[in-house]
């Protein structure tokens, strides 16, 4: 069945009624692709229990039972189950968060319903709906085109062909493709699962996405640490045999050590941290389409921003109309018909507004007693101008936003970024509007002006006026017309139709800058991020806005697309500075700018909203699209969508990206420090040839890993951005670099290990034991082991607070500023009490409550860790040129020297 077959013409079409659309929605269902068959929850959980590491642990548990050590076997199974369930829960939370984020940016489509063009959710589209498309729109369902003006469709997602396909009335436009040029209207044939896209999706639904760089690095860390765990386990197996332990006990001992050191929880914890970062960005109007982009944002070193709608409010208003008869000043607000008009040349300006409106599609409409832009805000401003000059009757309150009547163009030549103009034929007259440098050269020499006529000097006067208006920060459009030969409806080639035009005058549109842009730009500079404006606007307009917002740099470097140096090295050197303005750029030049800046070593964020911005957004490390004014093409190519189109939102997203990167490093520092303390007793036992008692057993290490350490690690992974996050330069380094390794293996880990072994030794010495003598009674060994266990737990408690920052001691941050960490610490202390004082649990773990001497050393581990961490931070800051805790240091950095306030900046290559 072909539901759309019954509607053959769009002439004077009213579209479906609201009631009929609702009935068809019930009949045909929502216009969305069938959900792929999801993997059942039990299978996803099973996968977490049967991956490589888990299988290794299952084998170890089986050997433990066979060898007659059921306690160890049960403990290993608990490790498998806890880690598997933890990973499963975090993945479910991440997927749920991603689904919630997608709901923040629903796909909308323009349709004709009840004789009006309205916006509806794409899922509400039904067969026989009349869809209105403009360049940049995604085709929402399979359509048969009834109207097609300069219509080109990108079908690469269906066919793989990169060339856009020219479409004519009667052709089919398939759902999921993009209209990259022109305008079109079409009748919906089929929706949802009946579309061609649904057929392809069914074939490709099982294709996995490529692994991101961050995921690859995390996998590298897991492989390294897991290999170390297996290697250390094998080493201890050999040592155990050499000191006379039976092969059975040696094997179980080695397996236990390896099991304790495998970092099974790392990947799900990082995923949770990224998901939390994405949700926080969404609350600040930044929608992340790819979780890994959260971390990349934190490394951004250069932002190329558009002007309109990002630095400005995208609230266009025609404030000047220039014709040979004079300059008319229009003082009006918004898109309503009311305005104060002063100056000369009102009649010429009125005729000019008629022409400009005919070459436009966007309109100003009354919606709920408020005038709003429908379509392009610039064209809506032109529509409002026509009403203000009484070129057409203003729509009254009774119209309720319906389009004002206008002559219907018989043909349109859509805007093309290569031509920088668009035109429409009404009857036998061609109306053209576009960039002055594109329109004025097409005008005839003498008799250029209409209706007044200004002679051959008119073009020079017009170009001079363009510069004057642009210097006042106005966006300038030229408007021209021409009477075409032949009868109405005659066919013309584009080049022939637009030759010999008559220039009517100029429009000056004002788009006020956003009030918060100055603060955001300063924040970017404080963060060591360079910002450039890359726009298609006139150089004078772009420069005026850049100067007004504070973007223009001290060198006042202003480049123009047509004059860009051909030598890549020369252009790259010009671009690689703060506050550069690049005007009149083409999409190809924007892509070139992106590649050159990346070639200079920058992590680039590039904004865009147009259909031709897609390549540059894909090339950039972070493509940023506009959620309000952006096209579907731009949003699909982007990693980040600004729901409010605000430049300041980019800076907020960078801040959260840096915080997420820091959180991952915090968790790594915390986790690896614990491993040092856990491994040390085995190293000492091995070095002593088995003569020094083992301070911690395998079951105790497992209790630390899956018991006391888990909640603080999660709390560190959700740490909020600090006040100083944007007060340091960007960083681009491995998560596990030399600074982190030194802090773990050269400072915090050894301090914990020394305090742990001191507590253990104090209890033994207090009971009269001396090295070389017989081991003391079992109750003494258990109390000593309990002291070592307690020391590690309390030291990790202090370590959790120390890991909140790599530059600031915790008392400067505030002990109560991370409430989740406080609850985690309380839970950790509660588990410690259970492990020490609950008889069966303590007996299973093989320890007892520590003696007063052992407990004193354990308590001393807390200040020992904090003081060691503080001294480390003092040394870092002194090397960087400022004392720790001094002015401007309230900055929880993430790692080694030269990364925080006062540190060394990343050098521009």
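The values are calculated or read from the model by the stated rules, or taken from the named source; none is laboratory data. On a predicted model such as this, the values are computed, not experimentally measured, just so you know. As a convention, Cβ positions derive from the backbone with ideal geometry for all residues, glycine included, and neighbour counts pool all protein chains shown.
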Exercise for review: Mind listing just one residue for me: the one in region 130-142 that is assigned to a strand (DSSP E or B) and touching a residue at least 60 places away in the same chain (Cβ under 8 Å) and, of those, farthest from residue 368 (Cα to Cα)?
Suggested key: 138
Study note, to complete from the structure: Counting only helices (runs of 4 or more DSSP H) wholly inside region 256-361, the ones holding at least 1 residues that are in contact with a strand residue (DSSP E or B) (Cβ under 9 Å, 6 or more places away or on another chain), surrounded by 20 or more Cβ atoms within 10 Å (Cβ to Cβ) and at pLDDT below 85 are 266-283, 293-297
Review point. Do we find a residue being surrounded by fewer than 17 Cβ atoms within 10 Å (Cβ to Cβ) and in contact (Cβ under 8 Å) with a residue 40 or more places away in the chain anywhere in region 860-871?
Key: yes
Review point. Right, residue 127: surrounded by 14 or more Cβ atoms within 10 Å (Cβ to Cβ), modelled with pLDDT of 90 or more, in contact with a helix residue (DSSP H, G or I) (Cβ under 7 Å, 6 or more places away or on another chain) and part of a loop (DSSP other than H, G, I, E, B) or not?
Key: yes
Revision key, fill the gap. Checked pairs for region 311-333, first under 17 Å from residue 517 (Cβ atoms), second surrounded by fewer than 18 Cβ atoms within 10 Å (Cβ to Cβ), C-beta under 6 Å and 6 or more apart or across chains, list as 313/512
Review point. Mind checking whether some residue in region 534-542 is under 24 Å from the mean Cα position of the chain (by Cα), closer than 22 Å to residue 438 by Cα and at pLDDT 90 or above?
Key: yes
**Study point:** Wholly enclosed helices (runs of 4 or more DSSP H) of region 640-747 bearing at least 2 residues assigned by TED's automatic domain parsing to the domain that holds residue 799 and crowded, with 24+ Cβ neighbours inside 10 Å
**Key:** 647-687, 698-703, 710-716
Exercise for review: Please go through region 579-621 and pick out each residue that is modelled with pLDDT of 90 or more, farther than 23 Å from residue 545 by Cβ and crowded, with 24+ Cβ neighbours inside 10 Å.
Suggested key: 602
Review point. What number of residues within region 90-111 satisfy the criterion of being farther than 16 Å from residue 367 by Cα and at pLDDT 80 or above?
Key: 3
Revision key, fill the gap. When (1) surrounded by fewer than 16 Cβ atoms within 10 Å (Cβ to Cβ); (2) over 30 Å from residue 647 (Cβ atoms); (3) modelled with pLDDT of 90 or more are applied to residue 482, the one that fails is (1)
Check your understanding: What helices (runs of 4 or more DSSP H), lying completely within region 817-909, carry at least 2 residues that are modelled with pLDDT under 90, more than 28 Å from residue 655 (Cβ to Cβ) and in contact with a helix residue (DSSP H, G or I) (Cβ under 9 Å, 6 or more places away or on another chain)?
Key -> 839-845
Revision key, fill the gap. Contact list, first residue from region 401-418 and under 16 Å from residue 386 (Cα atoms), second anywhere and modelled with pLDDT under 70 and outside any loop (DSSP other than H, G, I, E, B), beta-carbon distance below 8 Å, six or more apart or interchain, is none
Revision key, fill the gap. All conditions in (1) within 15 Å of the chain's Cα centre (by Cα); (2) surrounded by fewer than 24 Cβ atoms within 10 Å (Cβ to Cβ) are true of residue 625 except (2)
Review point. So which residues in region 427-464 are at pLDDT 80 or above, within 13 Å of residue 500 (Cα to Cα) and in a strand (DSSP E or B), if there are any at all?
Key: 429, 430, 431, 432, 443
Point to revise | Unmet criterion (only one of (1) under 26 Å from residue 868 (Cα atoms); (2) more than 27 Å from the chain's Cα centre (by Cα)) for residue 716 | key: (2)
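One line per residue, one yes/no per condition, for (1) under 26 Å from residue 323 (Cβ atoms); (2) in contact with a strand residue (DSSP E or B) (Cβ under 6 Å, 6 or more places away or on another chain):
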position: 499; (1), (2): yes, no
position: 503; (1), (2): yes, yes
position: 506; (1), (2): yes, yes
position: 514; (1), (2): no, no
position: 519; (1), (2): no, no
position: 523; (1), (2): no, no
position: 533; (1), (2): no, yes
position: 550; (1), (2): no, no
position: 554; (1), (2): no, no
